[in-house]
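The values are calculated or read from the model by the stated rules, or taken from the named source; none is laboratory data. Please read all numbers here as calculations on a predicted model, not as lab measurements. Because the Cβ atoms are built from the backbone with ideal geometry, glycine has one as well, and the counts that use them run over all protein chains shown.
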Amino acid sequence: MIYFKSFVCILCFWMLSFPVPGIVPESLHLPAARALAAEDTDETGVRLPATIAVLPFTIHAAEAENFSYIQQGVVTMFHSRLAWPDKVHVVPGKQIQNELARLGGTDTNQALGQLADRTGSDLVLDGSITKLAGSFSIDALVYDIRNKRYMAFFEQSKDSDELIEKVGHIAAGINKQVFDRTTTAWEKIEQERQAKINELKRRSPEHLMQNPRWQPQDDSPGWKIWKYLF
């Protein structure tokens with residue numbers, strides 16, 4: 001049964017993504033890069049064309065279950081969703097794998113900078129997926145190496161089936177917030193959010209007074225200053 005479910009998950013990822021040249025790299029197995037300061041920065045634009053390196057997401061789970069198929073599917077989906085002809089180039093998986101093997105044991109902040117330098121990347125996408133009581137939380141960080149800043153993205157899924165959709169939401173958010181690219185997926189997310197807002201607006205004034213957070217808010221925290229030492 002476990003093998004069958006794994007096969008179904010792999011098939012779902014494949015149907016929503018395109019093949020990625022190279023081999024999916026193994027995780028760097030280092031703690032998340034520590035932001036020594038998390039201050040807002042006014043600069044928002046990323047110069048295009050740009051190159052982004054997608055690292056394999058670290059999987060945190062209490063069970064001794066093999067989640068390599070999830071890791072592979074997530075990397076593949078980000079490759080296909082972020083690639084933008086003449087605008088955004090995604091570093092091939094084989095090249096990432098080779099560089100991660102050389103950087104094993106290096107401090108995370110230094111590793112990110114060195115990997116970006118060796119692959120000619122302007123941005124690095126790293127993150128983790130945590131499984132707890134059957135549900136999943138997805139944390140993604142996009143590092144802007146030249147400007148020393150990062151942007152965080154977060155989603156939650158009730159089960160492994162919904163995980164595919166939530167990864168797609170993060171990819172759509174990165175396209176919009178980082179590259180100022182409006183995709184069909186982003187438009188759908190905005191429509192769904194607006195529908196929820198309209199539904200709350202139709203409720204009684206008493207309900208709105210008790211729940212003032214019906215008003216639309218920016219899901220992205222924006223760029224934060226990332227201070228690190230090389």
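Here are some notes:
- Yes/no for L163 being crowded, with 21+ Cβ neighbours inside 10 Å, at pLDDT below 95, under 14 Å from the mean Cα position of the chain (by Cα) and not in a strand (DSSP E or B): yes
- Screening V142 on (1) modelled with pLDDT of 95 or more; (2) outside any strand (DSSP E or B); (3) among the β-branched types (V, I, T) shows it passes everything except condition (2).
- G105 falls short on exactly one of the conditions (1) in contact (Cβ under 8 Å) with a residue 12 or more places away in the chain; (2) over 19 Å from W223 (Cα atoms); (3) outside any helix (DSSP H, G or I), and that condition is (1).
- Selection over the stretch 68-89 of residues that are over 18 Å from A116 (Cα atoms) and outside any loop (DSSP other than H, G, I, E, B) gives a count of 12.
- Options A37, A101, A33: the member that is modelled with pLDDT under 95, closer than 18 Å to M151 by Cα and out of contact with any strand residue (DSSP E or B) (no Cβ under 6 Å at 6 or more places or on another chain): A33
- Test: Y150 is surrounded by 16 or more Cβ atoms within 10 Å (Cβ to Cβ), among the aromatic types (F, W, Y) and more than 22 Å from T183 (Cβ to Cβ): no
- Of all the residues in the stretch 112-139, those that are over 19 Å from Q72 (Cα atoms), of a type outside the set (V, I, T) and modelled with pLDDT of 90 or more number 11.
- Test: residue in the stretch 114-121 that is surrounded by 22 or more Cβ atoms within 10 Å (Cβ to Cβ) and assigned to a helix (DSSP H, G or I): yes
- Selection of the stretch 115-153 for residues being without any contact (Cβ under 8 Å) to a residue 60 or more places away in the chain and over 18 Å from the mean Cα position of the chain (by Cα) yields D117, R118, A133, G134, R146.
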